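Comments concern the structure below.
Taken together, the values in this text are just the output of simple stated rules run on the coordinates, not laboratory data. The model shown is predicted, which means the values in this text are computed figures rather than measured ones. Counting neighbours? That spans all protein chains shown, and the Cβs are built from the backbone with ideal geometry, glycine included.
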Amino acid sequence: MRFVERRHDRGSALIVSMILMIVLAVVGIALVNRTTREVDAVASKRHWDRSMSCAEGAREMLLSQFRAYGVNLVNLQMQRQIGDQQYATGHYDNFNVTSVAEAGGTPGALVGGDASNRITRRGGGLGGKGWRMTVVCRDNTQATHQQEVEFLVNFGF
């Protein structure tokens, strides 16, 4: 009788464990990279939200000045410090300037057929003209964070 020698696969457990370790290392590196990108995206979104709320606050503050009696829109200026943020009329490179101008293509005082337009026609008021306004908000703690908003307001009857 002849003995058949059986070969045992020795060392295959080591190869399998090495391959498994490499796969787990690649998955771990991918998870760390994704987490880093997520943290950066959240920080970027937080800065964006802060600058947009600052610009919206500047816009609302400029609009609140319309309630003053006898406001002259053409000369309307604003520069205020609220916490660590600065609200101002103007552009990102030129603060506290008159940035209110009449927008072209909007109806003036002589448009109308309803009662409100007849009232302004006699008085010569603003007459529901469109006005283009620009406000800018700057974060004083980080001078690189600015947001400018240009908007159109239909003011008057």
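Check whether at least one residue in the stretch 32-46 is part of a helix (DSSP H, G or I), closer than 30 Å to Val100 by Cβ and among the hydrophobic types (A, V, I, L, M, F, W, C), and report yes or no. Walk me through how you get there before you give the answer.
Looking only at the stretch 32-46, we keep the residues that are part of a helix (DSSP H, G or I), and these are 32-46.
Retained after the next criterion (residues that are closer than 30 Å to Val100 by Cβ): none.
No, every residue in the stretch 32-46 fails to be part of a helix (DSSP H, G or I), closer than 30 Å to Val100 by Cβ and among the hydrophobic types (A, V, I, L, M, F, W, C).
This table checks each residue for (1) in contact (Cβ under 8 Å) with a residue 40 or more places away in the chain; (2) surrounded by 10 or more Cβ atoms within 10 Å (Cβ to Cβ).
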{"residue": "Ile15", "(1), (2)": "no, yes"}
{"residue": "Leu24", "(1), (2)": "no, yes"}
{"residue": "Arg34", "(1), (2)": "no, yes"}
{"residue": "Arg50", "(1), (2)": "yes, yes"}
{"residue": "Tyr69", "(1), (2)": "no, no"}
{"residue": "Arg80", "(1), (2)": "no, yes"}
{"residue": "Asp93", "(1), (2)": "no, no"}
